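Since the structure comes first, as structure tokens, the remarks are kept for the end.
The values are calculated or read from the model by the stated rules, or taken from the named source; none is laboratory data. Treat the numbers as computed from the prediction; the structure is a model and nothing was measured. In this analysis, Cβ positions are derived from the backbone assuming ideal geometry, glycine residues included, and neighbour counts consider all displayed protein chains.
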Amino acid sequence: MARDTQALPVFRAEGLTRIYRTGAVEVRALRGVDLSLTEGEMVVLLGASGSGKSTLVNILGGLDLPTDGRVFFRERELTRASDRALTAFRRDHVGFVFQFYNLVPSLTARENVALVTEIARNPMTPEEALARVGLAARMDHFPAELSGGEQQRVAIARAIAKRPDVLLCDEPTGALDSKTGIQVLEALHEVNRDLGTATVLITHNAAIQRIAHRVVVLADGRVTRDEINTARVLPAEVSW
Ligand SMILES: Nc1ncnc2c1ncn2[C@@H]1O[C@H](COP(=O)(O)OP(=O)(O)O)[C@@H](O)[C@H]1O
Ligand SMILES: [Mg+2]
């Protein structure tokens, strides 16, 4: 499954540092990270807890700003954007998936996705988004009637329904067992394959790197590995 090496970068981050200051205590979460994400690419971002993975992805997604360094989304420099422009960037271009699904409990799966499709510029229908994650038969179920893996797939449907350029997933399988976790990885794999959505998948589970086009490892706020995966497998072949 070789990829087009001429594909364009979606994100380019240069020299990112992020220092959190709490009172007199300073934490250096990122210490000079350079990274790019290419069109259509599925990157697995690995690293121990505290290595800076969430910080990095929050900066790429415009949820946070670096202390130093620059981030470009295509030609636009996010690190020079106004708050208003960053909000528009997130709304129009980025889908987020987190470990906890944050579904509205009083709304069905379809209604949870519709919350997003009602305000997006060029959305797919909630029905299409839910079908893409294998939940066509579960659209009218409430979150409490769905398993953890199914709820996470509703969250993925909600994230992809606006047809984002990038999907940023922070430990999406972190609360799931291996069987339902693999179904979530299958949903992400199919979205990436069929819609070409560039995807960053954070995990601390090294087994998951096998599904990536590219593997990036962070340790103590630095990139210690950034390699193409030449032996990519389907999610069903991952065991953890
Ligand atoms: N809001 C915050 N305030 C202070 N320190 C933080 C904050 N967020 C993260 N950190 C610290 O930054 C480092 C990197 O955190 P994080 O990016 O969450 O790592 P990971 O996602 O790899 O577990 C950790 O030492 C963490 O404690
Ligand atoms: Mg994290």
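Filter region 114-134 for residues that are of a type in the set (A, V, I, L, M) and within 18 Å of LEU168 (Cβ to Cβ); which is farthest from the chain's Cα centre (by Cα)? Break it down stepwise before answering.
Of all residues in region 114-134, those of a type in the set (A, V, I, L, M) come to 114-116, 119-120, 124, 129-131, 133.
Restricting the remaining residues to those that are within 18 Å of LEU168 (Cβ to Cβ) gives 116, 120, 129, 133.
Details: VAL116: 17, ALA120: 18, ALA129: 16, VAL133: 15 Å.
Within region 114-134, the match that is farthest from the chain's Cα centre (by Cα) is ALA120.
With the requirement that a residue be among the charged types (D, E, K, R) and buried (at least 16 other Cβ atoms within 10 Å of the Cβ), what does region 227-240 give you? Full working, then the answer.
Here is the first cut: in region 227-240, the ones among the charged types (D, E, K, R) are 227, 232, 237.
Result: ARG232, single match.
Would you please name the residue that is nearest to ligand 1 (Cβ to nearest atom), looking only at residues in region 44-68 that are among the aliphatic types (A, V, I, L, M) and farther than 30 Å from ARG84 by Cβ? Before you say what the answer is, go through the steps one by one.
First pass over region 44-68, keeping only residues among the aliphatic types (A, V, I, L, M): 44-46, 48, 56-57, 59-60, 63, 65.
Imposing the further condition that a residue be farther than 30 Å from ARG84 by Cβ reduces the set to 44, 46, 48.
Numbers: VAL44: 13, LEU46: 9, ALA48: 7 Å.
Among those residues, the one meeting the criterion is ALA48.
Got a sec? Which of GLN209, GLN183 is part of a helix (DSSP H, G or I) and either out of contact with any Gly (no Cβ under 6 Å at 6 or more places or on another chain) or at pLDDT 95 or above (or both)?
GLN209
Looking at region 212-220, is at least one residue of a type outside the set (A, V, I, L, M), more than 28 Å from VAL104 (Cβ to Cβ) and surrounded by 15 or more Cβ atoms within 10 Å (Cβ to Cβ)?
Filtering region 212-220 down to residues of a type outside the set (A, V, I, L, M) leaves 213-214, 220.
Now restrict to residues that are more than 28 Å from VAL104 (Cβ to Cβ): 213-214, 220.
Pick out the ones that are also surrounded by 15 or more Cβ atoms within 10 Å (Cβ to Cβ) and you get 213-214.
Yes, region 212-220 contains a residue that is of a type outside the set (A, V, I, L, M), more than 28 Å from VAL104 (Cβ to Cβ) and surrounded by 15 or more Cβ atoms within 10 Å (Cβ to Cβ).
Take VAL71 and tell me if it is β-branched (Val, Ile, Thr) and either part of a helix (DSSP H, G or I) or surrounded by fewer than 17 Cβ atoms within 10 Å (Cβ to Cβ) (or both). Walk me through how you get there before you give the answer.
On the way: β-branched (Val, Ile, Thr): yes; either part of a helix (DSSP H, G or I) or surrounded by fewer than 17 Cβ atoms within 10 Å (Cβ to Cβ) (or both): no.
The answer is no for VAL71.
Would you check which residues across region 154-180 are farther than 25 Å from THR87 by Cβ and either modelled with pLDDT of 95 or more or not in a helix (DSSP H, G or I) (or both) and list them? Lay out the reasoning, then the answer.
Restricting attention to region 154-180, the residues satisfying the condition of being farther than 25 Å from THR87 by Cβ are 173-180.
Selection gives THR173, GLY174, ALA175, LEU176, ASP177.
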